[in-house]
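Colleague: Can you read through this structure? Questions will come right after.
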Amino acid sequence: MLFEDHPPPKLVGIARLAAASDSLETKRRVEYLELETRKFIGRGSGRMRSIYTLNPYRGCEFGCKYCYARYAHEFMELRDPELFERRIYAKQFRRAAFHAELRRLKSGDTVWIGTATDPYQPAERRFNLTRQMLEAFEDGRGLDIGVTTKSDLVARDAELMKRIARKNRIRVHMTITTLDEGLARLLEPLAPRPALRLGAVRTLTQAGVPVSVLAHPVMPLINDSEASLDRVCEAAARNGATAFSAAPLFLKPCAQKVFIPFLEQSFPHLVRRYRERFEKSAYLKGHYPEMIAERVEKIRARHKMHRRREPESPEPFFQDDQLELFPSLGKRPGPFGLAEDSTLHRKVGRL
Ligand code: SF4
């Protein structure tokens with residue numbers, strides 16, 4: 001038994017479907033499951049109506065302590081927040097259906113890959129879902145494509161992205177919260193080291209793929225010093241990235257269940273302050289976010305970096321995106337009404 005099962009008293013909707021998913025493969029403490037998906041590309045709503053989202057995986061092995069996406073597993077009645085990093089759902093890829101969805105997009109539409117979970121997490125080495133989906137973009141639709149990750153595996157697809165860029169715009173957004181390897185190991189236990197991520201930035205930019213570096217999230221008294229953020233920005237610029245951004249941490253209750261115990265263990269002197277700050281709201285308000293914005297602006301100017309590729313580009317940090325993975329079930333409506341619609345998959349056997 002790799003982990004405890006969590007049979008809820010009554011499973012409905014996506015929870016029932018997830019519970020019925022068959023195991024594709026078990027690796028160490030991680031179990032991979034396949035989830036049939038009727039619709040791969042989600043759609044934003046409101047002022048983000050023009051944005052489409054694509055997340056090949058549900059759950060993420062990298063296990064970042066601040067991860068906001070753990071919430072998504074709660075919809076599947078997986079209440080233990082650690083199951084988010086130990087029970088990974090890979091969407092069953094149907095090439096023809098995916099191409100048909102892409103054909104419905106218009107030239108100029110924006111598609112973000114990895115808004116909820118990392119598209120280049122370890123599962124990608126086994127299942128190649130992100131690669132297969134990206135290949136479909138080669139046909140060319142004049143799309144504006146963003147890929148968000150903190151994995152050096154993204155460099156594997158540099159040549160493919162170059163080909164995609166012949167008829168589309170594509171940009172990689174690499175998250176690097178700190179260059180301190182020890183701190184990164186604490187915060188993002190199974191994510192590739194910052195040096196590896198920078199190496200991927202270099203490979204991509206040398207191949208002609210534009211890259212932004214995101215120092216998200218900025219955590220008070222952990223990685224928020226000007227020196228720390230400056231080091232990330234300087235290294236990003238040195239390795240060819242052209243844009244840099246950073247935004248303060250936010251902690252939804254589900255993320256707090258992991259982050260606060262992490263603080264108790266690794267930063268006990270900060271526990272009280274974090275509890276006080278996040279007790280009433282998941283978001284930091286007032287002077288702190290303003291101070292960080294000014295700090296980041298100054299750092300950007302110092303290294304001649306852009307904030308984003310262009311003014312109309314959306315912020316690549318989809319704060320609430322992952323909270324709405326299953327809007328068709330009527331749960332937690334918000335600014336990103338994703339239209340993904342997963343159904344029970346049939347077992348295809350072990351890979
Ligand atoms: S890489 Fe992203 S999705 Fe994965 S655990 Fe870290 S924050 Fe969560």
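The values are calculated or read from the model by the stated rules, or taken from the named source; none is laboratory data. These figures come from a predicted structure and were not determined experimentally. No Cβ is skipped: glycine too gets one built from the backbone with ideal geometry, and neighbour counts run over all protein chains shown. Surface areas here come from the heavy atoms of the whole protein model, side chains and all, with no ligands, DNA or RNA. Shrake-Rupley method; radii C 1.70, N 1.55, O 1.52, S 1.80 Å.
Colleague: Compute and list, largest first, the equivalent-ellipsoid semi-axes of segment 61-174 from the alpha carbon gyration tensor, each √(5λ) rounded to a whole angstrom.
Modeller: 27, 15, 13
Colleague: Can you work out the accessible area per residue across segment 167-306, with the rest of the protein chains kept in place, probe 1.4 Å, in square angstrom?
Modeller: 44 Å²
Colleague: Of the peptides 220-227, 232-239, how do they stack up when ordered by the mean number of other Cβ atoms within 10 Å, highest first?
Modeller: Descending mean neighbour count gives 232-239, 220-227.
Colleague: Place a +1 charge on the Cβ of each Lys and Arg in segment 144-203 and a -1 charge on the Cβ of each Asp and Glu, then give the dipole magnitude about the Cα centre in debye, rounded to the nearest 20.
Modeller: Dipole of segment 144-203, to the nearest 20 debye: 380 debye.
Colleague: Highest first, please rank the peptides 212-219, 288-295, 176-183 by the mean number of other Cβ atoms sitting within 10 Å of their residues.
Modeller: 212-219, 176-183, 288-295
Colleague: Let me ask something else about it. Which net charge results for the neighbourhood of residue 290, defined as the other residues with beta-carbon distances under 14 angstrom from its beta-carbon, given Lys and Arg at +1 and Asp and Glu at -1?
Modeller: 0
Colleague: Report, to one decimal in Å, the Kirkwood hydrodynamic radius for segment 136-256 based on all distinct Cα pairs.
Modeller: Final number for the Kirkwood radius of segment 136-256 is 14.9 Å.
Colleague: Give me the dipole magnitude in Debye, nearest 20, for segment 153-240 about the Cα centre, with unit charges on the beta carbon: positive for Lys and Arg, negative for Asp and Glu.
Modeller: 720 debye
Colleague: Over 31 Å between Cα atoms: which of 39/280; 65/280; 106/150; 167/252; 106/280; 106/304 fall into that group?
Modeller: Too far apart for the 31 Å limit: 39/280; 167/252; 106/280; 106/304.
Colleague: For residue 51, list long-range residues whose amide hydrogen, built 1.01 Å from N in the peptide plane, is under 5 Å from its own amide hydrogen.
Modeller: Amide H neighbours of residue 51: 44.
Colleague: Carbon-plus-sulfur fraction of the accessible area of segment 173-319, 1.4 Å probe, in percent?
Modeller: 53 percent
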